[in-house]
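Undergrad: What follows is a single structure, and I will ask about it in a moment.
The values are calculated or read from the model by the stated rules, or taken from the named source; none is laboratory data. Since the structure is predicted, the reported quantities are computational estimates derived from the model, not experimental observations. As a convention, Cβ positions derive from the backbone with ideal geometry for all residues, glycine included, and neighbour counts pool all protein chains shown.
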Amino acid sequence: MKRTMVGMLSAAALLAGTAQAQEIKVGGIFDLTGITSDVGKPFAQGVQDYVVHVNETGGVNGKKIKLIGADYGYKIPEAVALYKRLVNDEHVVLINGWGTGDTLALKDFISKDKVPYISASFAGDLTDPSKTPYNFFVAPSYSDQLRAWLSWVKEDWKDKSRHPKVAFFYGDNAYGKAPMEAGRRFAKENGIDVVDEEILPGNFQDATSQLLNMKQKGADYAYINVTTTGVSLVLKGAKALGLSTKFGSNPYGFSEALPLVAKETAEGVTGVMPHVPYGSNVPGMKALIDFNKAHHGGETHDAMYVRGWATATVWVEGLKRADKAGKLTGEGVKAALETLKDFDMGGLTSPITYTPTDHRPTTRCAVYIIHGGKLVKVKDYDMPRRADWLGL
């Protein structure tokens, strides 16, 4: 009887070990309650839903993904603590992260621990693997996005007697400031005058003073680098002051949600969109729509949800390639991601390429405009992959 009990325990342990071997742990650091939660929640849902979709359709070469995610409220100390728990206690093979400030704060840990970190921050700082070898994201950098929008400004400006005057509005944090130096340099190189820069504090409720400062500088255009709620506050303030400035937005301020929140003040606003609006007529959209019909009663989403789904699509591909090579480790996943070349995203975003010397996934940026409350594509801008722009 004792031998039988030992045999049963051994069998149970073997089954538990086998089940564990068929499970891949992935970490998730999400903002569900912080100052960027207006866009953080749909992004997180997109990531979570894609993981469910993958597990229902064969997993990672038969292995299930266990996504261990938590809210950090957009607070850097909480992100650091969560990161350490995921790496040291949960032993995740990679992490799907979120914000710029926390991602930059973690970059040295990430490099030392050799844990691939696929963020929702598109800061140009994270694209140079000689400095941040384990950082990746799935979009053109914030810097290339701002360069693309400034390229649109240059084309839109018809007065040849002077340069267009541009103002920058940005949050008082790493995310807000991330592309500004690149924007200043690009503007100077391309005959665009940056005449004003206005900082928007966290959770601001009114931008009147910043808008009045901009009015005095006579800006023809203004780029807003905060999330949707903040962009809508700036637009409403500009409307109340009767300003004629043409406003543009970064990709976390511009989606289907903006005209819903900002109402008529969003009309004519431009924005960079690295991921297509939900429901766009692209091949990759069918899986999202079918999934939501099956799991969420056919509810619709926005580009932030598409962004989460697309981000997870890329790191799942990295897991599949690493697993197939028998190297399902942080180093193996990094190497696998660096084999992606023009990886087809089904039109959800541009094809993705990483190399061991360049982690810019794409430099192609789409500019959209809001017409009649709808998002309409203006043009795709292919920014040059300049060596001096790597890491900037």
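Undergrad: Being in contact (Cβ under 8 Å) with a residue 24 or more places away in the chain and either aliphatic (A, V, I, L, M) or over 15 Å from VAL138 (Cβ atoms) (or both) is the filter here; which residues of region 101-110 pass it?
TA: Correct list: GLY101, ASP102, LEU104, ALA105, LEU106, LYS107, PHE109, ILE110.
Undergrad: Answer yes or no as to whether THR313 is free of Cβ contacts under 8 Å to residues at least 40 places away in the same chain, hydroxyl-bearing (Ser, Thr, Tyr) and either touching a His at 6+ places or on another chain (Cβ under 9 Å) or farther than 30 Å from GLU267 by Cβ (or both).
TA: no
Undergrad: Only one of (1) closer than 20 Å to TYR83 by Cα; (2) outside any loop (DSSP other than H, G, I, E, B) fails for THR132. Which number is that?
TA: For THR132, the failing item is (2).
Undergrad: State whether one or more residues within region 228-237 are basic (Lys, Arg) and outside the structural domain of GLU155 (by TED's automatic domain parsing).
TA: Within region 228-237, the subset basic (Lys, Arg) is 236.
Keeping just the survivors that are outside the structural domain of GLU155 (by TED's automatic domain parsing) gives none.
The answer is no; no qualifying residue exists.
Undergrad: Out of the residues in region 65-102 that are more than 15 Å from PRO116 (Cα to Cα) and of a type in the set (Lys, Arg), which is farthest from the chain's Cα centre (by Cα)?
TA: Per the stated criteria, the residue is ARG85.
Undergrad: Something else about it: Based on what the data block shows, is VAL60 farther than 20 Å from ALA174 by Cβ, out of contact with any Asp or Glu (no Cβ under 8 Å at 6 or more places or on another chain), in contact (Cβ under 8 Å) with a residue 40 or more places away in the chain and in the same structural domain as LYS131 (by TED's automatic domain parsing)?
TA: No; evaluated as a whole, the condition is false for this residue.
Undergrad: A further question on this structure: State the number of residues belonging to region 97-127 that are out of contact with any Lys or Arg (no Cβ under 9 Å at 6 or more places or on another chain) and hydroxyl-bearing (Ser, Thr, Tyr).
TA: 3
Undergrad: Test each condition in (1) within 21 Å of CYS365 (Cα to Cα); (2) surrounded by 18 or more Cβ atoms within 10 Å (Cβ to Cβ) for LYS165 and report the one that comes out false.
TA: Answer for LYS165: the failing condition is (1).
Undergrad: Applying the selection to region 136-182, what residues are among the hydrophobic types (A, V, I, L, M, F, W, C) and part of a strand (DSSP E or B)?
TA: PHE136, VAL166, ALA167, PHE168, PHE169
Undergrad: Scan region 341-358 residue by residue and report those that are in contact with an Asp or Glu (Cβ under 7 Å, 6 or more places away or on another chain) and closer than 18 Å to PRO116 by Cβ.
TA: PHE343, THR353, TYR354, THR355, PRO356
Undergrad: Applying the selection to region 368-392, what residues are small (Gly, Ala, Ser), crowded, with 19+ Cβ neighbours inside 10 Å and farther than 26 Å from LEU104 by Cα?
TA: Once the filter is applied, which keeps residues that are small (Gly, Ala, Ser), crowded, with 19+ Cβ neighbours inside 10 Å and farther than 26 Å from LEU104 by Cα, region 368-392 yields nothing.
Undergrad: Give the residue that is farthest from ILE110 (Cα to Cα), with candidates limited to residues of region 70-83 that are touching a residue at least 12 places away in the same chain (Cβ under 8 Å) and assigned to a helix (DSSP H, G or I).
TA: Among those that are touching a residue at least 12 places away in the same chain (Cβ under 8 Å) and assigned to a helix (DSSP H, G or I), it is ILE76.
Undergrad: What are the pairs, 6+ residues apart or on separate chains, where a residue within region 126-149 that is over 15 Å from THR100 (Cβ atoms) has its Cβ under 7 Å from a residue that is at pLDDT below 95?
TA: Once the first residue is over 15 Å from THR100 (Cβ atoms) and sits in region 126-149, no partner that is at pLDDT below 95 comes close enough.
Undergrad: Same structure again: When you check THR311 against the structure, is it of a type in the set (S, T, N, Q), under 23 Å from LEU67 (Cα atoms) and out of contact with any Gly (no Cβ under 6 Å at 6 or more places or on another chain), yes or no? Lay out the reasoning, then the answer.
TA: Working: of a type in the set (S, T, N, Q): yes; under 23 Å from LEU67 (Cα atoms): yes; out of contact with any Gly (no Cβ under 6 Å at 6 or more places or on another chain): yes.
Here the answer is yes, as THR311 does meet what is asked.
Undergrad: Here are ARG321, ARG364: which of them is farther than 22 Å from PRO116 by Cβ and of a type outside the set (A, V, I, L, M)?
TA: Going through ARG321, ARG364 in turn, just one is farther than 22 Å from PRO116 by Cβ and of a type outside the set (A, V, I, L, M): ARG364.
Undergrad: Go through (1) buried (at least 23 other Cβ atoms within 10 Å of the Cβ); (2) more than 25 Å from LYS25 (Cβ to Cβ) and name the single condition ALA322 misses.
TA: It is condition (2) that ALA322 fails.
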